[in-house]
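One structure is given below, encoded as C-alpha cells.
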Amino acid sequence: MLAAEAVSTDGLLVTGTDTGVGKTLVSASLAYLLTRKGVRIGVAKPFESGVADPTDLGEDGRLLRWAAGCRDTVDRITPYRLREPLAPALAARREGVHIDWPYVIETIRNRHDRCDFQLVEGAGGLLVPLAGSRLVADLARELGLPLLVVARPGLGTINHTLLTLESASARGLKVAGWIINGLPPAATVAEQHAALEIARLTDIPCWGVLPQVDGTSHEKVISLAQVMQDWPVIKGLF
Ligand SMILES: Nc1ncnc2c1ncn2[C@@H]1O[C@H](COP(=O)(O)OP(=O)(O)OP(=O)(O)O)[C@@H](O)[C@H]1O
Ligand SMILES: [Mg+2]
C-alpha cells in the first residue's frame, strides 16, 4: 500500500504531459525497484500503438514485463496492440479493431488477488483517446487508480504539467504526485528551475527529479531505480 501524502492506493496509473516523456521508463523503474523490495507488481500497458508485430508485446509492454519479472500473458499486459503510431482510438478505428472496454477494465482489476500493487501505463497524455470517446482519464477513473504524472524538464513544462494536474482535478481524479524526468547534465535555466516553479503553483507533491541516463533501456531502468530508491515517497512504500 502506498501512503503518499496525497493518496493511499494499491496502484498507480502513470500518465504524462505528452508522448515520449518517459512514462515507460519511470513505470519500469518503479516496477523494478518495488519488485526487488519483495512487492508483487502487476504491470499493464493496456493500449500500445506503434507495435510492429501485434502478435507480440510492443516495446513498452516488454520493458514493463521485464522490469516486474512478470509472467502474465501478452494479452493481459497489453490487450490492444496496434500497428500505427497514433492515438489508440484512431489507430484502432483505422485498423478495424473493436475495443472491448469492459474487458480491459476487468482484465486489470482481476489481477488484484495476484499482485500487491499495479502499475498501469496510459498512452501519450491524460486526454488521449483510447477507445471512441474514452480517454486515458476515463481509464484511470474506471480502474480507481490515482495518477502519477511524468513531465519533461525545459521550457513549456510548467504549463503542460499544471494543465495536466488541473484537468485531472477537474475530472475528479486523484493525483499521487508528479515527476520531472530526464534532467540533462548541462541543464538550462528553464530545466533547472522547472520542478521548483511547478511546486510553487500546486499542492500536489513532486516525487523527485530524474536525471538523463545512458545505456540500453534495461540499464536506464536500473540507473533510474537507483535514484528513486532514495526518494522519501518511495521509502514510505510498503
Ligand atoms: N531519464 C532518462 N534518461 C535517458 N533516456 C530517457 C529517460 N527517460 C526517457 N528516456 C528515453 O526517452 C524515450 C522515451 O521514453 P519512454 O518510452 O519512457 O516515454 P513514454 O512517455 O513512455 O512514451 P510513449 O508515449 O510512447 O509511451 C526512450 O527512448 C527512453 O529510453
Ligand atoms: Mg511508453
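Computed from the coordinates by the stated procedures, all read-outs in this text should not be read as laboratory data. Fair warning: this is a prediction, and the values are worked out from it, not measured in the lab. Every residue, glycine as well, gets a Cβ built from its backbone with ideal geometry; the counts of neighbours run over all protein chains shown.
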Each residue of segment 168-178 in order: what ³J(HN,Hα) in whole Hz does its phi give by Karplus 6.51 cos²θ - 1.76 cosθ + 1.60, θ = phi - 60°, with x for Gly and Pro?
4, 5, 5, 8, x, 8, 7, 10, 6, x, 9
Compute the FRET efficiency between Glu142 and Gln226 as 1/(1 + (r/R0)^6), taking r as their Cβ-Cβ distance and R0 = 25 Å, and round to the nearest 0.05.
0.15
Nearest-20 debye value, segment 63-153 charge dipole, Cβ charges on Lys, Arg, Asp, Glu:
200
Starting from 0.36 nm per residue, how many nanometres of slack lie between Asp214 and Asp100 once their C-alpha separation is accounted for?
37.2 nm
Please report, in whole Å³, the volume per residue of the convex hull around the C-alpha atoms of segment 167-223.
107
Computed Kirkwood radius, in angstrom, where 1/r is averaged over Cα pairs of segment 101-238:
16.5
For segment 224-232, take each phi angle, set θ = phi - 60°, evaluate the Karplus expression 6.51 cos²θ - 1.76 cosθ + 1.60, and give the result in whole Hz per residue in order, putting x for glycine and proline.
5, 4, 5, 5, 5, 5, 8, 6, x
Taking only DSSP H segments of four or more residues, each worth -39500 (n - 2.57), what value at 222 nm results for the chain once the sum is divided by all its residues, to the nearest 500 deg cm²/dmol?
-11500 deg cm²/dmol
For segment 116-124, in residue order, the Karplus 3J(HN,Hα) values (coefficients 6.51, -1.76, 1.60; θ = phi - 60°; whole Hz; Gly and Pro = x) are 8, 8, 10, 10, 10, 8, x, 9, x
Contact order relative to length of segment 2-228, as percent, for alpha carbon pairs under 8 angstrom and 6 or more apart:
27
Take the alpha-carbon centre of segment 74-110, take the same for segment 165-238, and report the distance between them in whole Å.
28
By average C-beta atoms within 10 angstrom, highest first, the peptides 144-150, 68-74:
144-150, 68-74
For a distance above 22 Å, tell me the whole-number percent of Cα pairs in the chain that qualify.
49
The orientation-averaged projected area of the Cα convex hull of segment 78-167, in nm², is 6.8
Along each of its three principal axes, how wide is the spread of alpha-carbon positions in segment 30-96, in whole angstrom units, largest first?
42, 18, 15
For the chain, built as a Gaussian network whose Cα springs stay under 10 Å, the top-fluctuating residue of Pro85, Pro102, Pro129:
Pro102
Taking the Cα centre of segment 2-228 as origin and charging only Cβ (+1 Lys, Arg; -1 Asp, Glu), how large is the dipole, in debye to the nearest 20?
280
